[in-house]
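Note sheet for the following structure.
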Amino acid sequence: MSALQSDFSVPVRAPLVILFVETRGFTRISEMLEPEVVIARLSEFFTLVTAAVEHHGGVVIDVLNDNLIAAFDGENDSMRGVQAAQDIQRKFTVLEESWSLQYGIRAATSMGLHSGTAVIGKATSGKNAGQRHIVGDAVSVAERLLHRARAGEIVMSKAVFDALVLSNHEIEAEALPPLEVPRRDSIPLWGVPLDTRLDFT
């Protein structure tokens, strides 16, 4: 059984592909909308993302504010993680058009993908007992890539991109300036924009 197929009751350390997803522009505009509208729109977003993740064999680990963390493991985990991200990227444009027409919401989704080892499990005590947790350097890097992504863009690390090449998964991606992290080697990055234009400003 893979780490993600368990019930998370026993913490494990496992190789995973981590996907961070967030909406851009929604949080700011949410301050001007009725609370019911805000929650309904977020529910639509998380339903879309969760469906894409699960369709490609991933698991949603946690949701915070307008961010979602998911993970993939096992055979072709990088390819399935990227396919889920591309599904989200493509399908969110339909959702955004609906939000814009009905509520004047201008939003996009951005994503970061990284491959590495992380610890996953459930909290065993306190008020958050039973809540899923994922911890590790791979998670921190994936979150950094999310913050590097521009509106509508998927940013992936070299580890994920190299796995795509090995699996012969075709993708239109362009090299980005590497991620510089103190006291470690720089991490080469690739970006998949919503269209074919990438600017490096």
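Here are a few things to note about the model shown:
- For the peptides 23-33, 53-63, the ranking by packing is 53-63, 23-33, with the highest mean count of neighbouring Cβ atoms within 10 Å listed first.
- Packing here is the average count of other Cβ atoms within 10 Å per residue, and on that basis the peptides 164-170, 116-122, highest first, run 116-122, 164-170.
- Using equal-weight Cα scatterers in the Debye expression, the normalised intensity of the chain in log10 at q = 0.15, 0.16 Å⁻¹ is -0.93, -1.04.
- Of the complete DSSP H runs in the chain, those spanning 24 angstrom or more by Cα along the long axis with a mean Kyte-Doolittle score not below -1.0 are 35-55, 77-103.
- Each of ALA14 and GLN86 was given a label point 7 Å from its Cα along the Cα-to-Cβ line. The distance between the two points is 2.5 nm.
- Overall form of the stretch 1-100 per C-alpha gyration tensor (a/c, 1.5; a/b vs b/c): prolate
- A simple count of charges around GLN5, restricted to other residues whose Cβ falls under 15 Å of its Cβ and scoring Lys, Arg +1 and Asp, Glu -1, yields -2.
- Summing charges over neighbours of ALA118, with a neighbour being any other residue whose Cβ is under 15 Å away from its Cβ, gives -1 when K and R count +1 and D and E count -1.
- In plain terms, the residue of ARG144, ARG80, ARG184 with the fewest other Cβ atoms within 10 Å comes first and the most crowded comes last, giving ARG184, ARG144, ARG80.
- The modelled label-to-label distance for the pair ALA40/SER100, using points 7 Å beyond Cα in the direction of Cβ, is 2.1 nm.
- Computed over the chain, the per-residue total of -39500 (n - 2.57) for DSSP H runs of n ≥ 4 gives a 222 nm mean residue ellipticity of -12000 deg cm²/dmol, rounded to 500.
- Summing charges over neighbours of ALA70, with a neighbour being any other residue whose Cβ is under 10 Å away from its Cβ, gives -2 when K and R count +1 and D and E count -1.
Bear in mind that the values in this text are calculations on the coordinates, not laboratory data. These numbers come from a predicted model, not from an experiment. So basically every Cβ, Gly included, is an ideal-geometry build from the backbone, and we count neighbours across all protein chains shown.
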